[in-house]
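Engineer: So that we are looking at the same thing, I have put the structure below in structure tokens.
The values are calculated or read from the model by the stated rules, or taken from the named source; none is laboratory data. Predicted, not measured: the structure shown is a model, and the values here were computed from it. Virtual Cβ from ideal backbone geometry, glycine too; neighbours counted across all protein chains shown.
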Amino acid sequence: MSGIHVQDLGKRFGDRVAVEALSFHVRSGEVFGLLGPNGAGKTTTVRMLTGLLQPTEGEATVWGHRVDRDGEPLRKVVGLLTEQPGLYDRLTARENLRFFMKLHELDEAAAWPRARHYLERFGLGGREEEPVGGFSKGMRQKLAIVRTLVHDPKVIFLDEPTSGLDPESARTVRDAVAELASEGRTIVLCSHNLAEVERLCERVAVVKRRLLAMGPVRELRHAGQALEVRVEGEAERFRVALAQLPFAPNVLAEGPKLRVMLADDAQAPDVVACLVGAGARVHSAVPTQRPLEEVYLELLREGRG
Amino acid sequence: MAFRPKRALAVFWKDFLDLRKNVGLLVSMMVLPAVMVLVPIGVVWTYVRTPDHADLRSVALFYDPTLPLGASAARFLIDKTLTDWFGMFLVMPVFVPILIASQSVAGEKERRTLEPLLASPVTAAELVTGKSLAALVPSVAITWTAFVVFCVGVDIVAWPLVKMPLMPNALWTFGVFVIAPLFAFFGNGVAVLISARVSEARMAQQLSALVVLPIVGMVGGQVAGVLKAGFGYYLLQGAVVLVLDALLLWASIRLLDRERLVSRWG
């Protein structure tokens, strides 16, 4: 069974609940975003799914391996990029990679072309024999990504993969992630860079100890859709009229602009008709979607209780 | 879970490579063997230089009141020094692996390399084995090399008085090749155990190094004439340490539990 299947997963450390009742499914070939503030349980979730921590509740399988009992075979198919690159400074880039090839019991002669491909791709070609201690932050991050991929993992967990990278390198990494997914790998991306998540992920889950929301990025943004209406004169005077609508939308008024929150697209004509009926001269009415960041922050506010 | 020697050897390979490039640690590893070799050679040399000094006889009689009148006090004290010094020499195989193992286990936490390592297929037993080998092999090699230098040095400085090679003798040969590796295993086990509980390599070294105090204390007892060192005495020490080694191995594998390490330090 490919992909990731998570059912009611939870983790307690003594009395402290780190994650509870988490359920989601990630398909093979999908890039899935795991979003949440610091301390929301993202790292704990990833650690459970990579066999580093045992769940205290629920169950999960990663590429057909149960996370609670198949530790060794699970770790063979999983690649984990941790938040810190975690490289051995006195060792060269080649030695760092060779160590992980040995841990995965790879035939080094066969594994090197793959490693070299990624080293070249990330601009580290020709730097293999240099000690990692002399690398810049971005170079270390890129080498850590190569290390994550060296054993050709089926499921890849990436924690802030473009952290510390210049825009060009970040783009290279994003392209590589998309390419890896297109090869049928399952990728889970943890990031605070919501623009990046929006660009890379088909679906996201917003967690804060428990699941707050999950779905395709487009749908989550759609849930926060609004109609921006530009009228003649002060828009504030039409708030009362809009409040009479059966679905009583939330309205923000600023100068000649009204921002009317909608539950779905079908409400837009009613809003325009209501405004016209109230005597408004409507210059434009444009449906908009809120940026993911706004949706995300609202979800966190709602989930605070 | 199957034990895969290749993965344990991979850990050994990486740690050994890292050690070879750690100049600071290599220098600190060499200081103790130098002291352990040069001090007894110096002591033997002082006895050889003035073998008829009246005070030597007084000292010899303190340790053995039955020393015959015609016997050489200098020769007696040389033999006693060589027997007693073996107890002190055992500090080296305990201390050197502490220096290495503290760096390699607690150092992984400090450098934040532990999580990627634990996310690989390596098991706790393979990790302990690889890291222990990386601490034990250099420690035992240093001990044996120091022993060879010690033997040559003692024989050279003692020759004018005794006209025969004193070293290697049976006690030292057995001790260095059988008991010293057991002590090295002990030092390593203590360091691995403590490194698994603390966050910094330096703290692990400082705490682990406390285990040499009983050894030094016993040597103090020998010098004070309270304890009489000999083959049986060191054999008993070796047997006790062998039992401790088995306990430490068991505890180390248990304490290097993946979840415990990740949740505390990862």
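Engineer: I'd like to check something: does the range A:69-78 contain any residue that is of a type in the set (A, V, I, L, M), over 26 Å from B:ASP257 (Cα atoms) and either under 23 Å from the mean Cα position of the chain (by Cα) or modelled with pLDDT under 95 (or both)?
Structural biologist: Looking through the range A:69-78, none of the residues is of a type in the set (A, V, I, L, M), over 26 Å from B:ASP257 (Cα atoms) and either under 23 Å from the mean Cα position of the chain (by Cα) or modelled with pLDDT under 95 (or both).
Engineer: Of the residues B:ILE98, B:ILE156, which is in contact with a Gly (Cβ under 6 Å, 6 or more places away or on another chain), more than 14 Å from chain A (Cβ to nearest Cβ) and assigned to a helix (DSSP H, G or I)?
Structural biologist: Every option except B:ILE98 fails the conditions.
Engineer: Regarding A:HIS192, is this residue under 26 Å from A:ASN38 (Cα atoms) and assigned by TED's automatic domain parsing to the domain that holds A:HIS25?
Structural biologist: yes
Engineer: Can you tell me how many residues within the range B:136-164 are under 17 Å from B:ALA8 (Cβ atoms) and touching a residue at least 60 places away in the same chain (Cβ under 8 Å)?
Structural biologist: Total meeting the criteria: 2.
Engineer: Also: What residue, of B:PHE76, B:PHE62, B:PHE86, is in contact (Cβ under 8 Å) with a residue 40 or more places away in the chain, away from every other protein chain (no Cβ under 14 Å), buried (at least 17 other Cβ atoms within 10 Å of the Cβ) and over 27 Å from A:ARG98 (Cβ atoms)?
Structural biologist: B:PHE86
Engineer: Let me ask another. So if I check each of B:LEU248, B:LEU182, B:LEU261, B:LEU171, which one is buried (at least 17 other Cβ atoms within 10 Å of the Cβ), within 14 Å of another protein chain (Cβ to nearest Cβ) and in a helix (DSSP H, G or I)?
Structural biologist: Going through B:LEU248, B:LEU182, B:LEU261, B:LEU171 in turn, just one is buried (at least 17 other Cβ atoms within 10 Å of the Cβ), within 14 Å of another protein chain (Cβ to nearest Cβ) and in a helix (DSSP H, G or I): B:LEU261.
The rows are residues; the columns are (1) touching a residue at least 24 places away in the same chain (Cβ under 8 Å); (2) buried (at least 20 other Cβ atoms within 10 Å of the Cβ).
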{"position": "A:GLU128", "(1), (2)": "yes, no"}
{"position": "A:PRO131", "(1), (2)": "yes, no"}
{"position": "A:LEU158", "(1), (2)": "yes, yes"}
{"position": "A:SER163", "(1), (2)": "yes, no"}
{"position": "A:ARG185", "(1), (2)": "yes, yes"}
{"position": "A:VAL206", "(1), (2)": "yes, yes"}
{"position": "A:GLU234", "(1), (2)": "no, no"}
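Engineer: Okay, next question. Has the range B:15-22 got any residue that is under 30 Å from A:GLU105 (Cα atoms), out of contact with any helix residue (DSSP H, G or I) (no Cβ under 9 Å at 6 or more places or on another chain) and within 14 Å of another protein chain (Cβ to nearest Cβ)?
Structural biologist: yes
Engineer: Checking B:ALA34 against (1) crowded, with 18+ Cβ neighbours inside 10 Å; (2) modelled with pLDDT of 95 or more, which single condition isn't satisfied?
Structural biologist: In the conditions (1) crowded, with 18+ Cβ neighbours inside 10 Å; (2) modelled with pLDDT of 95 or more, B:ALA34 misses (1) alone.
Engineer: Out of (1) among the aliphatic types (A, V, I, L, M); (2) surrounded by 13 or more Cβ atoms within 10 Å (Cβ to Cβ); (3) closer than 26 Å to A:GLU302 by Cβ, the odd one out for A:ALA285 is which?
Structural biologist: Among (1) among the aliphatic types (A, V, I, L, M); (2) surrounded by 13 or more Cβ atoms within 10 Å (Cβ to Cβ); (3) closer than 26 Å to A:GLU302 by Cβ, A:ALA285 violates only (3).
Engineer: Sticking with this structure for a sec: Out of A:ARG90, A:ARG116, A:ARG66, which single residue is farther than 22 Å from A:ARG185 by Cα, surrounded by fewer than 23 Cβ atoms within 10 Å (Cβ to Cβ) and not β-branched (Val, Ile, Thr)? Steps first, answer last, please.
Structural biologist: Values: A:ARG116 fails: farther than 22 Å from A:ARG185 by Cα; A:ARG66 fails: farther than 22 Å from A:ARG185 by Cα.
The match here is A:ARG90.
Engineer: Given (1) in contact with a strand residue (DSSP E or B) (Cβ under 9 Å, 6 or more places away or on another chain); (2) closer than 26 Å to B:GLU108 by Cα, where does A:LEU106 come up short, assuming only one miss?
Structural biologist: (1)
Engineer: Still on this model: Quick one: count up the residues across the range B:135-167 that are of a type outside the set (Val, Ile, Thr), surrounded by 17 or more Cβ atoms within 10 Å (Cβ to Cβ) and more than 19 Å from B:VAL35 (Cα to Cα).
Structural biologist: Total meeting the criteria: 4.
Engineer: At least 1 residues that are within 10 Å of chain B (Cβ to nearest Cβ) and aliphatic (A, V, I, L, M) in each: list the strands (runs of 3 or more DSSP E) lying fully within the range A:25-124 that qualify.
Structural biologist: Because the criterion is at least 1 residues that are within 10 Å of chain B (Cβ to nearest Cβ) and aliphatic (A, V, I, L, M), the strands (runs of 3 or more DSSP E) in the range A:25-124 that meet it are A:78-81.
Engineer: Answer with yes or no whether A:LEU220 is crowded, with 18+ Cβ neighbours inside 10 Å, under 15 Å from A:PHE24 (Cβ atoms) and at pLDDT below 90.
Structural biologist: Judged against the criteria, A:LEU220 is a match.
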